[in-house]
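The values are calculated or read from the model by the stated rules, or taken from the named source; none is laboratory data. Given the structure is predicted, the values throughout are model-derived calculations rather than measurements. Quick reminder, even Gly has a Cβ in these numbers, built from the backbone with ideal geometry, and neighbours come from all protein chains shown. These area figures cover heavy atoms from the full protein model, side chains too; ligands, DNA and RNA do not enter into them. Shrake-Rupley method; radii C 1.70, N 1.55, O 1.52, S 1.80 Å.
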Amino acid sequence: MAAPFEDWYRQMPVVTRTFMTGAVLTTLAVYLDIVHPLELYLNPNLIFHKGEVWRLVTNFLFFDYFGINFLFHMYFLVRHSRMLEESSYRGRTADYVFLWLFGAIFLLALNIGMFYINLDSRILFLAPSLAFVVVYVWARRNPNVRMSFLGLFTFNAPYLPWVILGFGMLLGQSPLLDGLGIVVGHVYYYLEDIYPTISNGRRILRTPQFLKTILDAPVAQQAPRPPAPAFDEHQHEQ
């Protein structure tokens, strides 16, 4: 009989499971001194002048050393990414991968842009920002879900990103990382969910066909694309 953790891991949808595995293995490699965070962080000079292109990926896989901050981010990311992948993106793996790619590329462009205009952003790792993109999209697509934060107060899901941002500020964290995630998440949500409804169905964001060919079932076997569903309004999350 499989262990409970093994069952939980295997039942997790593929995109969420892949990212979680990459983040945990990266953090474990740092913990074991196999790699150092200085070899992983985002540095445009090293990327463009030294050819260290892996930093474009690894900066999204390291949240922090094992500890409360790491667990906090992984909990919110894995929980809400799984719910988003199993609802809005069920049967649409390519579209969900495209959300992650859109968020990552947009965040990289913003951060590299700030670097080259000499705006000292001090952002070394964009993993928390990318996680916030996913949480923001889930929150906006589930407006009627009631949530409780640490048992202190309840609120509707769209306020979740702001609650997390405020809590982080109370702990002395900069709001920049979470704020970037909110900005990029809102751009994606507007272009994907709002703009088509006010432009007679015109879509700006389109998942590349090669992703659909690689990741999705043949078109003839797919069900029609459903609208982004919201969870039952009576559902409560602790």
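Annotations for the structure displayed:
- Among the residues of the range 132-155, just one is basic (Lys, Arg) and in contact with a strand residue (DSSP E or B) (Cβ under 7 Å, 6 or more places away or on another chain), namely 146.
- Extreme residue, nearest to residue 77 (Cα to Cα), among residues of the range 91-107 that are of a type in the set (Phe, Trp, Tyr) and open to solvent by 20 Å² or more (accessible area, probe 1.4 Å): 100
- Only one of the listed residues (139, 157) is modelled with pLDDT of 90 or more, surrounded by fewer than 24 Cβ atoms within 10 Å (Cβ to Cβ) and among the small types (Gly, Ala, Ser). That residue is 157.
- Output for the range 28-66, where each listed residue is surrounded by 17 or more Cβ atoms within 10 Å (Cβ to Cβ) and under 17 Å from the mean Cα position of the chain (by Cα): 58, 59, 60, 61, 62, 63, 64
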